[in-house]
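J.: Sharing a structure below in structure tokens format, with a few things to ask.
The values are calculated or read from the model by the stated rules, or taken from the named source; none is laboratory data. Note that the structure is a prediction, hence the values are computed from the model and not measured. Reconstructed Cβ throughout: ideal geometry from the backbone, glycine too, with neighbour counts over all protein chains shown.
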Amino acid sequence: MLELEQGISKLPGAKFGDDTCPLNHTFADGLYIREIFMPKGMLISSKLHKTDSPYFVLEGDLTVFTGEGKGGLVRIKAPSWGVTKAGTKRILYIHEDTRWITVHATDETDLEKIEDDLIAKSYDELPERVRNLLETKTEREKLCRLQ
């Protein structure tokens, strides 16, 4: 996934960081709610998640590449919801303007500290239990391909 992200970064007009798409941050009793608006036509690489968290697609239509399953592509049309598992990193193509919300359990309100708690800059920064799960999954997938 990181190699794909690097390839995308070399495309003309590639942009990086949270300034690329408008974000809205909301806090409620022990919760951080993050809303991102992704305009039609964008190709986006998500952040690498350290924790499990629910997500909600309130409006829009997008294709998500996860690298898993047959082809690794999933089409999501609003309304939709699911759970992002720790260790997830996605590439998204936005077919129609999309609003995506994630909810995270935290009492923290400092956005930089929240980012440090929730987002890994590399797979090495993931919690050990998550790295072990990813390594086991990768080995299983290799075995399945050999059969």
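J.: Based on this model, can you work out whether Thr88 counts as of a type in the set (Ser, Thr, Tyr), surrounded by 18 or more Cβ atoms within 10 Å (Cβ to Cβ) and assigned to a strand (DSSP E or B)?
T.: Here the answer is no, as Thr88 does not meet what is asked.
J.: If I filter the stretch 94-115 for residues that are within 11 Å of Thr51 (Cβ to Cβ), of a type in the set (Ser, Thr, Tyr) and over 17 Å from the mean Cα position of the chain (by Cα), do I get at least one hit?
T.: Looking through the stretch 94-115, at least one residue is within 11 Å of Thr51 (Cβ to Cβ), of a type in the set (Ser, Thr, Tyr) and over 17 Å from the mean Cα position of the chain (by Cα).
J.: Being at pLDDT 95 or above, of a type in the set (S, T, N, Q) and surrounded by 14 or more Cβ atoms within 10 Å (Cβ to Cβ), is that true of even one residue in the stretch 91-100?
T.: Yes, the stretch 91-100 has at least one match.
J.: Can I ask one more? I need the full set of residues from the stretch 92-118 which are charged (D, E, K, R) and outside any strand (DSSP E or B), in order please.
T.: Asp107, Glu108, Asp110, Glu112, Lys113, Glu115, Asp116, Asp117
J.: Would you mention how many residues in the stretch 63-80 are under 13 Å from the mean Cα position of the chain (by Cα) and under 17 Å from Ile101 (Cβ atoms)?
T.: Number of matching residues: 1.
J.: If you go through the stretch 20-67 one residue at a time, how many are small (Gly, Ala, Ser), assigned to a strand (DSSP E or B) and either surrounded by 14 or more Cβ atoms within 10 Å (Cβ to Cβ) or at pLDDT below 95 (or both)?
T.: Residues meeting the conditions: 3.
J.: Still on this structure: Name every residue in the stretch 116-126 that is closer than 15 Å to Lys89 by Cα and surrounded by 14 or more Cβ atoms within 10 Å (Cβ to Cβ), in order of residue number.
T.: Result: Leu118, Ile119, Ala120, Tyr123, Leu126.
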